[in-house]
Each structure stands twice: as C-alpha cells, then as structure tokens.
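I have placed the structure first, in the form of structure tokens, so that the comments after it can refer back to it.
Each value in this text was obtained by applying a stated rule to the coordinates, not by laboratory testing. Here the structure is a predicted model, which means the values were calculated and not measured. Don't worry about glycine lacking a Cβ; one is built from the backbone with ideal geometry, like all the others, and counts go over all protein chains shown.
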Amino acid sequence: MSVRKRTWKTSKGETKEAWVVDYADQDGKRRLRTFDRQKKAKDFAATPTIEIKDGVHTPESQSVSVSEAAALWTAPPMDLSGQRSPNIAST
C-alpha cells in the first residue's frame with residue numbers, strides 16, 4: 001500500500017495535485033482512491049489494510065447501494081436450490 005502525491009497540468013495550464021492511495025485488495029486486484037488532503041489519504045489507508053488482513057474488505061466500486069441492500073434484506077429467502085421461495089417462512 002502506498003500514499004503518494006500526484007501532480008498534473010490541466011488543459012488550461014493550471015497545476016493540480018491530489019493524494020492517491022494505491023493498494024491491492026484480498027484478490028490481488030489493484031485499487032486506487034484519490035483525496036484532496038494527505039491526512040485524509042493516510043486516514044483512509046489504515047482502513048483497507050486492516051480489512052484486507054481480516055478478509056472483509058469490499059471496495060466502494062463493488063459495494064451495493066442502500067436500495068439494493070434493502071431489496072436483498074426484504075426479499076423472500078432462498079431454498080436449497082438457490083431459488084426464491086415464497087413458501088419458506090422467515091424467522
């Protein structure tokens with residue numbers, strides 16, 4: 001995992017900068033997240049390090065939205081074949 005400063009020039013010639021957290025998730029896929037402040041980048045960098053070590057990290061790009069999570073939560077349970085079954089009583 002690395003936290004580094006990135007600078008670039010815009011098409012108008014302005015110099016811009018950002019802080020990039022670059023890391024590999026538990027599947028080995030490279031992930032990048034950009035921040036406007038170094039402190040925010042360093043604070044964020046600590047979180048995936050621990051989550052990856054524990055095997056529970058989910059990148060934002062793969063996370064479900066609140067509405068998708070609600071739909072999954074309220075959906076009828078699945079039977080053993082993987083089909084949604086309205087006959088199974090929820091507990």
Rounded to the nearest 0.05, what FRET efficiency is calculated for LYS40 and GLN83 with R0 set to 30 Å and r the Cβ-Cβ distance?
0.10
Packing-wise, with mean Cβ within 10 Å as the measure, how do 68-78, 40-50, 8-18 rank, highest first?
40-50, 68-78, 8-18
Residue-by-residue Karplus 3J(HN,Hα) for the range 35-45, coefficients 6.51, -1.76, 1.60, Hz, glycine and proline x:
9, 7, 10, 4, 4, 4, 5, 5, 4, 5, 4
Least to most buried among VAL21, VAL66, VAL3, by other C-beta atoms within 10 Å and fewest first, runs VAL66, VAL3, VAL21
Can you spot the lysines whose alpha carbon is less than 28 Å from LYS16's alpha carbon? Ignore those fewer than 8 places along the same chain.
LYS5, LYS29, LYS39, LYS40, LYS42
Rounded FRET efficiency, nearest 0.05, which uses the C-beta distance separating THR49 from VAL20 and R0 of 25 Å
0.95
